[in-house]
1. Working only within the range 24-57, note down all residues that are in a helix (DSSP H, G or I), open to solvent by 50 Å² or more (accessible area, probe 1.4 Å) and either at positive phi or of a type outside the set (S, T, N, Q) (or both).
2. Would you check which residues across the range 5-20 are open to solvent by less than 60 Å² (accessible area, probe 1.4 Å) and either assigned to a strand (DSSP E or B) or at negative phi (or both) and list them?
3. Could you grab the pairs with beta carbons closer than 7 Å, sequence gap of 6+ or different chains, first residue in the range 6-17 and under 12 Å from E30 (Cα atoms), second one among the acidic types (D, E)?
4. Would you mention how many residues in the range 42-65 are touching a helix residue (DSSP H, G or I) at 6+ places or on another chain (Cβ under 9 Å) and among the charged types (D, E, K, R)?
5. List the pairs whose first member sits in the range 22-46 and is among the acidic types (D, E), whose second member is assigned to a strand (DSSP E or B) and modelled with pLDDT of 95 or more, and whose Cβ atoms are under 6 Å apart, counting only residues at least 6 apart or on separate chains?
Amino acid sequence: MTPWQKSSFSGNSNECIEVRTVDGMVEVRESDSAEIIVRTTPKKWARFLLGAQNGEFDSHGDFSA
């Protein structure tokens, strides 16, 4: 199990997404709702990251902060 990791863009805020690896699966949670965890495979996570890097999900974000 790896420790929870959050983006350096989150600073000291508790309003962030955290990710870790457990038993070969990727787990994702919101730091302020830590009891809710989404699990996925490393392959699906990698595909999501590629889409995020490509800007495919930018319309869902609020970049004003």
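1. P42, K43, K44, W45, R47, F48, L49, L50
2. To start, the set of residues in the range 5-20 that are open to solvent by less than 60 Å² (accessible area, probe 1.4 Å) comprises 7, 10-11, 13, 16, 18-20.
Correct list: S7, S10, S13, C16, E18, V19, R20.
3. Here the result reads K6/E18; N14/D32; E15/D32; I17/E30, each pair linking the range 6-17 to a residue that is among the acidic types (D, E).
4. 2
5. Close Cβ pairs satisfying both conditions: E27/R20; E27/I37; E27/R39.
The values are calculated or read from the model by the stated rules, or taken from the named source; none is laboratory data. Since this is a predicted model, take the numbers as computed values, not measurements. Every residue, glycine among them, receives a Cβ derived from its backbone with ideal geometry; neighbour counts consider all protein chains shown. For accessibility, only protein heavy atoms count, side chains too; no ligands or nucleic acids. Shrake-Rupley method; radii C 1.70, N 1.55, O 1.52, S 1.80 Å.
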